[in-house]
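K.L.:
Sharing a structure below in structure tokens format, with a few things to ask.
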Amino acid sequence: MILLSIHNLSLPIEDPVLKFLLVLIIILAAPLLLNKIKVPHLLGLIIAGAVIGPNGFNILSRDSSIVVTGTTGLLYIMFLAGLEIDMGDFKKNKWKSLGYGGYAFIFPFVLGFLGSYYLLEFSILTSVLFASLFSSQTLITYPLISKLGIAKNRAVNITVGGTMITDIATLLVLAVVVGMVQGDVGTSFWVKLSVSFFLFSIIVLTVFPVIGRWFFKKVDDKISQYIFVLVMIYLAALLAELAGVEAIIGAFFAGLALNRLIPHTSSLMNRVEFVGNAIFIPFFLISVGMLIDFTVFFKSFETLKVAGIMLVASIGGKYISAVVAQKTFRFTKEEGTLIFGLSSASAAATLATVMVGYNIILSESENGEPVRLLNEHVLNGSILLILISCTVSSFVSMASGQKIAEIDNEDTVSGNNHEEENILLAVNYEKTVEKMVNLGILIKAHSNTDNVFALNVINEDKNESSVKNAEKLLHLATDAAASADVNFKTLKRYDNDVINGVNNVIKEQKITDLIIGLEDEKGFSPSFVYNLYNGYLQNDDVNVLVYHAAQPLSTIKRYAVMIPEKAHKEAGFFHALLRVWNIARNSGATLVFYASENILDILQRIIKKANIEAEFIIMNSWKDGENTASQIKEDEALILFMAKRGMQSYIPRMRLVPEMLNKNLNNNNYLLIFPFSELNKNDQEKRSVGNHDDFVEIGNVIKKIFK
């Protein structure tokens with residue numbers, strides 16, 4: 001029967017298995033074929049959609065299955081844009097985003113209005129709606145930019161923020177014009193639109209984070225967490241439609257709402273990006289291609305005329321906006337070009353606006369044909385606009401993005417020459433493995449992928465059960481790291497003494513950071529404290545991090561960071577400080593520094609280009625800091641810079657810290673950092689500890705790494 005049905009195959013294909021297989025083959029083949037000729041595979045998917053679609057060879061119809069999956073892809077693009085945006089940088093550049101959003105809306109709008117009113121002789125109302133088509137923009141090349149690793153570039157940041165502004169403005173224009181055509185524009189219309197949009201924003205941006213934080217605390221299942229994310233995307237999209245704006249705005253707001261709850265280096269983030277880039281986003285691009293009908297441009301000169309005006313208004317307006325933004329904000333030439341590349345694609349809001357205008361019938365002509373708000377020439381012209389604008393966007397974004405990525409890589413390499421990192425996780429307890437892996441991923445620099453080790457030392461007479469337990473723990477660490485797309489090196493060591501085994505690996509692998517996990521229930525035991533001070537801390541050139549995790553890292557809002565007097569004079573202070581910065585940068589949490597005035601001055605100078613949220617509070621004494629630490633709230637965590645006896649920043653009361661933490665913070669996350677006390681030989685030749693100028697120099701190195 002199967003062979004017979006295939007033999008009698010008719011077009012378009014209706015068999016769901018064959019349909020899905022064909023689409024998957026296209027998604028698989030596009031990157032493999034087009035990368036060789038330097039054509040962005042995003043463009044290849046759009047062209048493939050045109051070829052197999054109803055206006056091409058009619059192999060597949062643009063039915064509900066394609067539309068639903070494609071719509072998810074569009075929502076996914078906007079969600080990822082909100083999710084990956086650097087909130088610290090976004091807040092710092094909010095006025096630039098607003099300014100660019102204004103440019104990106106006004107210039108294309110003016111060109112479009114002049115062209116439609118004077119050249120196409122449309123009515124004022126039709127001209128306004130027509131002009132608004134070109135102000136919207138679709139971030140179809142955002143996945144490409146994200147893949148290059150420059151999603152946090154300032155040009156990308158303000159373009160994403162500006163896209164939200166232009167799309168909202170475009171869709172509001174659509175709502176107003178439709179209301180005026182239907183005679184519904186009045187005081188009640190404006191009140192209803194304003195109140196509904198305000199309520200939508202409040203619900204998504206304030207209630208969603210609360211729900212998300214509660215869910216991630218209660219549910220550990222990875223599949224359930226991912227399904228929860230999808231629910232939030234669609235729920236926000238639905239709320240946006242109920243508020244009178246397009247669903248894509250809801251998806252973007254959902255990304256902003258969950259931004260701090262899904263760390264950029266987490267396994268959940270990797271899962272979200274993987275599924276979107278593998279399935280949903282390619283489906284969206286193919287579905288866009290299915291709308292393209294090349295034949296209409298050979299049937300009517302009027303369609304070509306309208307399409308030409310649309311191309312000039314849209315692409316020309318976006319180019320002018322990018323140039324003005326580059327000059328206004330003093331961006332580099334590559335950043336200005338990247339803004340143009342990201343913003344020049346028109347698809348989602350443009351198509352939505354055209355379809356709404358096309359479906360509004362104003363009257364009937366003498367021959368009985370309907371007179372539409374936007375005629376069929378505009379509809380066909382928008383299809384050409386989508387194809388050409390997506391083509392321009394793909395090539396320009398790829399070219400400028402690669403240049404910026406190369407520049408960033410040069411800066412990173414320069415920084416890494418100063419800040420070597422090899423992180424070792426001493427895994428001993430099953431419940432702490434995944435938590436330690438998540439911390440190890442969070443504190444590492446993005447550029448390093450193979451510098452994290454997981455170690456288990458076997459000292460129980462090498463019996464079979466201890467070997468199996470070690471293999472189990474290391475397997476758990478590997479799985480947790482793999483889900484975040486990080487390669488862990490696992491080490492199994494036989495030694496009669498666990499501490500000796502760890503210390504030997506530190507020397508062999510040139511470890512810079514050692515992470516030790518505390519069991520939730522036990523906290524600091526007398527034996528652990530003894531082993532810490534008389535064993536692990538005997539390594540003078542390694543940062544030792546003692547970690548207690550009572551809740552997921554992604555649910556932490558703020559970190560209280562306590563730094564003792566003279567800590568900045570320790571050899572390993574800035575190296576340890578970089579780990580703290582990475583926690584904030586990769587999780588989006590706020591850092592609240594408690595330290596002496598002179599240390600805060602140094603931190604404030606360094607942090608200016610770190611793009612993280614931070615507060616600075618003067619701490620008069622270590623005892624005052626202990627009182628503050630014991631009173632931190634739920635969803636807050638503590639980071640303590642410690643010191644061992646003999647170091648300049650050592651305070652005798654530090655011996656009481658384990659008891660204080662066991663008593664007051666058993667239900668909170670906390671991290672104790674013991675910076676190394678001696679420099680390696682290479683660093684000793686470069687600088688002298690205690691010289692303030694050298695600390696500023698190290699701060700400049702940190703800024704290079706953050707750039």
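K.L.:
By its C-alpha gyration tensor, with a ≥ b ≥ c as the square roots of the eigenvalues, how is the range 182-300 shaped: rounded for a/c under 1.5, else prolate for a/b larger than b/c, else oblate?
P.N.:
Values: a/c = 3.51, a/b = 1.17, b/c = 3.00.
Oblate.
K.L.:
So for 655, 271, what's the accessible-area order with a 1.4 Å probe, most first?
P.N.:
The most accessible residue leads, giving 655, 271.
K.L.:
With a cut-off of 8 Å between alpha carbons and a minimum separation of six or more residues, what is the relative contact order of the chain in percent?
P.N.:
Details: 1194 pairs, mean separation 100.1, N = 707.
Across the chain, relative contact order equals 14 percent.
K.L.:
Something else about it: State the label only: which of (i) 29.2, 87; (ii) 28.8, 98; (iii) 26.2, 89 corresponds to Rg and Dmax of the Cα atoms in Å computed from the shown model?
P.N.:
(ii)
K.L.:
Next question, about the same structure. Order these peptides, 523-535, 487-499, 631-643, by their mean beta-carbon neighbour count within 10 angstrom, highest first.
P.N.:
Ranked by mean Cβ neighbours within 10 Å, highest first: 631-643, 487-499, 523-535.
K.L.:
Given the pairs 91/333; 222/489; 489/510, which span a C-alpha to C-alpha distance of over 18 angstrom in this model?
P.N.:
Result: 91/333; 222/489 exceed 18 Å.
K.L.:
In whole Å and largest first, what semi-axes does the C-alpha gyration tensor of the range 141-187 yield when each eigenvalue is scaled by 5 and square-rooted?
P.N.:
Semi-axes (√(5λ), whole Å): 36, 10, 5.
K.L.:
Solvent-accessible area of residue 442, probe 1.4 Å, all protein chains present, reported in Å² to the nearest ten, please.
P.N.:
0 Å²
K.L.:
Students often get this wrong, so check it: of 435/492; 92/633; 218/522; 94/217, which have C-alpha atoms separated by over 25 Å?
P.N.:
Flagged as over cut-off: 92/633; 94/217.
K.L.:
Would you please give the residues with an amide H less than 5 Å from that of residue 593, counting only those at least 5 places away or on a separate chain, with H modeled from the backbone geometry?
P.N.:
When sequence neighbours closer than 5 places are left aside, the close amide H contacts are 561, 615, 616, 617.
K.L.:
A follow-up question, please. State, in angstrom, two size descriptors of the range 556-605 derived from its alpha carbons: Rg to one decimal place and Dmax to the nearest whole number.
P.N.:
Values for the range 556-605 (Cα only, Rg and Dmax): 10.9, 30 Å.
K.L.:
Next question, about the same structure. Excluding ligands and nucleic acids, what accessible area in Å² is computed for residue 275 using a 1.4 Å probe, to the nearest 10?
P.N.:
About 40 Å², rounded to the nearest 10.
K.L.:
I'd like the Kirkwood hydrodynamic radius of the range 111-221, using the inverse of the mean 1/r over distinct C-alpha pairs, in Å. Show your work: numbers first, answer last.
P.N.:
Numbers: mean 1/r = 0.0574 Å⁻¹.
It works out to 17.4 Å.
K.L.:
Search the structure for amide H atoms under 5 Å from the amide H of residue 525, placed 1.01 Å from N in the peptide plane, and list their residues when 5 or more places away or on another chain.
P.N.:
Here the answer is none, since no amide H 5 or more places off falls under 5 Å of that of residue 525.
K.L.:
Treating only the Cβ of Lys, Arg, Asp and Glu as charged (+1, +1, -1, -1), what charge dipole size does the range 443-546 show about its Cα centre? Round to the nearest 20 debye.
P.N.:
In total the dipole reaches around 180 debye.
K.L.:
For the full complex of protein chains and a 1.4 angstrom probe, list 622, 190 by accessible area with the highest value first.
P.N.:
Greatest to least solvent exposure: 190, 622.
K.L.:
Still on this model: By accessible area of protein heavy atoms, probe 1.4 Å, what ranking do 334, 471, 626 get, highest first?
P.N.:
Of 334, 471, 626, the descending order of accessible area is 471, 334, 626.
K.L.:
Identify the residues of the range 582-601 with backbone N under 14 Å of a label point that sits 7 angstrom from the Cα of residue 624 along the Cα-to-Cβ direction, or state none.
P.N.:
Under 14 Å, as judged by backbone N against the label point of residue 624, lie 593-600 of the range 582-601.
K.L.:
Taking 20 °C and 1.002 mPa s as the conditions, I'd like the Stokes-Einstein D for the range 36-141 in µm²/s, using the Kirkwood hydrodynamic radius from alpha carbon pairs.
P.N.:
Answer from the Stokes-Einstein relation: 124 µm²/s.
K.L.:
Sticking with this structure for a sec: Where nothing but the Cβ of Lys and Arg (+1) and of Asp and Glu (-1) is charged, how large is the charge dipole of the range 504-573 around its Cα centre, in debye to the nearest 20? Before the final figure, lay out the partial values.
P.N.:
Values: 7 positive and 9 negative charges, 46 e Å.
In debye, rounded to 20, the range 504-573 gives about 220.
K.L.:
Please state the shape class of the range 586-672: rounded when a/c is under 1.5, otherwise prolate if a/b exceeds b/c and oblate if not, all from the C-alpha gyration tensor.
P.N.:
Because a/c hits 1.5 or more and a/b fails to exceed b/c, the range 586-672 counts as oblate.
K.L.:
Let me ask something additional. Name the long-range amide H neighbours of residue 642: under 5 Å, sequence gap of 5 or more, or other chain; modelled H, no Pro or chain starts.
P.N.:
673, 674
K.L.:
Right, another one. Please calculate the 1.4 Å probe accessible area of residue 181, with all protein chains present, and give it to the nearest 10 Å².
P.N.:
50 Å²
K.L.:
Putting +1 on Lys and Arg Cβ atoms and -1 on Asp and Glu Cβ atoms, find which of 238, 54, 525 reaches farthest to the positive end of the dipole of the chain.
P.N.:
The residue sitting farthest along the positive end of the dipole is 525.
K.L.:
Separate question: If the range 252-323 were replaced by its equivalent ellipsoid, with semi-axes equal to the square roots of 5 times the Cα gyration tensor eigenvalues, what would those be, largest first, whole Å?
P.N.:
The equivalent ellipsoid of the range 252-323 has semi-axes of 38, 19, 9 Å.
K.L.:
Note down the magnitude of the dipole of the chain about its Cα centre, charges +1 on Lys and Arg C-beta and -1 on Asp and Glu C-beta and zero elsewhere, to the nearest 20 debye.
P.N.:
880 debye
K.L.:
How long, wide and thick is the range 183-253, going by the Cα atoms along their three principal axes, in whole angstroms, largest first?
P.N.:
52, 18, 13
The values are calculated or read from the model by the stated rules, or taken from the named source; none is laboratory data. Please read all numbers here as calculations on a predicted model, not as lab measurements. For neighbour counting, all protein chains shown are included, and Cβ atoms are generated from backbone atoms with ideal geometry for every residue, glycine included. Ligands, DNA and RNA are stripped out before the accessible areas are found, and what is left, the full protein with its side chains, is counted by its heavy atoms. Shrake-Rupley method; radii C 1.70, N 1.55, O 1.52, S 1.80 Å.
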